[in-house]
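Every number here is computed from the coordinates shown, using simple stated rules; none is lab data. Quick caveat: nothing in here was measured; it's all calculated off a predicted structure.
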Amino acid sequence: MIILDGTEIKVEHFPDGTQRIVMENCLRMRMRPAHEITWKYEKEEELSTLIYVTRHLRNIPIIQRHEINLNLLYLPNARMDRIHSEKEVFTLRGFADVINWLRFDIVRILDVHSNVGSALLNNVLVCTPEKYLREVIDQIGEDNLILYFPDEGAAKRYSGLFPNIPYCYGEKKRDWKTGKILGLDIRTNQIELAGQTVLMIDDIIAYGGSLYYSTRELKEFGVKKIYAYATHTENSILDREKGTLIKSLEDDTVERLFTTGSLFTGEHDKITVLEVDRKSVV
């Protein structure tokens, strides 16, 4: 979904499948000194919509002098932030090249997957998920909450947001040929986990493998209650055949998964979706 100055861009299609885009508010836009384009990712075709809309704005003489900013509630291609051979296509770099070509004055990203994504983009501003995490912590309502991160990188990225809350983290064991997680060790940071309530935090989950294995290990340490949070949750989390975290939710090993609406559009009794406030990336 592409949203321009608070109004969703409606896209129709010609019989050959190409897009027909009509922007009804162009006259009102001439009066604005700056324009905000927000991309709530649903499908890859929206990149071409973004290109058409931005180039259209750039070709309106009076708007050429206006500031045009892009707000990415989720960074597409974020996972493809490195390649291991020439056979693999570095899609994140290609995506960043296109965004840079459009010459946005500011590109704001909510909770980017890695520093590579932000480094490839010009004029980038990374927005943390602190607002949403504070809301989750308030909903859990535990005085002695422990934070848990599925890897050391996530620990470094998020722990500074809550310096007064103790945390521990995991070290994943992977099959590097397939990328499959084989298991996980927990670094407790000398925290006594038995009987505690833990909030697991990650940026993006598809099937929830990292958090599933984390849950199993946390229970081995005697953790009493486990909650989970991911800023970006793909609808694949609900896949009962491939999914792993869904098993932990449905057998009550994990009390609840909290996520934003940046990606997730599904429904589940054990998943709470926090409304994405576009102002949190503006």
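Relative to its Kirkwood radius, the Cα radius of gyration of segment 73-114 gives an Rg/Rh of 1.00. Where the alpha-carbon atoms of segment 146-271 are placed on the principal axes, they occupy 37, 34, 27 Å, in descending order. Between 0 and 90 degrees, rounded to the nearest ten: what's the tilt of helix 91-101 against the longest Cα principal axis of the chain? The angle comes out at about 40 degrees.
Its Cα gyration tensor gives segment 42-162 an equivalent ellipsoid. The semi-axes, each the square root of 5 times an eigenvalue, are 32, 20, 12 Å from largest down. Helix 45-58 and the long axis of the chain differ in direction by around 40°, with both axes built from C-alpha atoms. Once P(r) over Cα pairs in 10 Å bins from 0, in percent is calculated for the structure shown, the corresponding label among (i) 7, 30, 36, 21, 5, 0; (ii) 6, 26, 35, 26, 7, 0; (iii) 6, 26, 31, 21, 11, 4, 0 turns out to be (iii).
Full extension of the chain between residue 138 and residue 23 yields a length gain of 37.3 nm, computed as 0.36 nm times the residue separation minus the alpha carbon distance.
With everything on Cα atoms, drop me the angle between helix 130-140 and the longest principal axis of the chain, reported from 0 to 90° to the nearest 10. That helix lies at roughly 40 degrees to the long axis. In the chain, helices alone account for a calculated mean residue ellipticity at 222 nm of -7000 deg cm²/dmol, with every DSSP H run of four or more residues adding -39,500 (n - 2.57).
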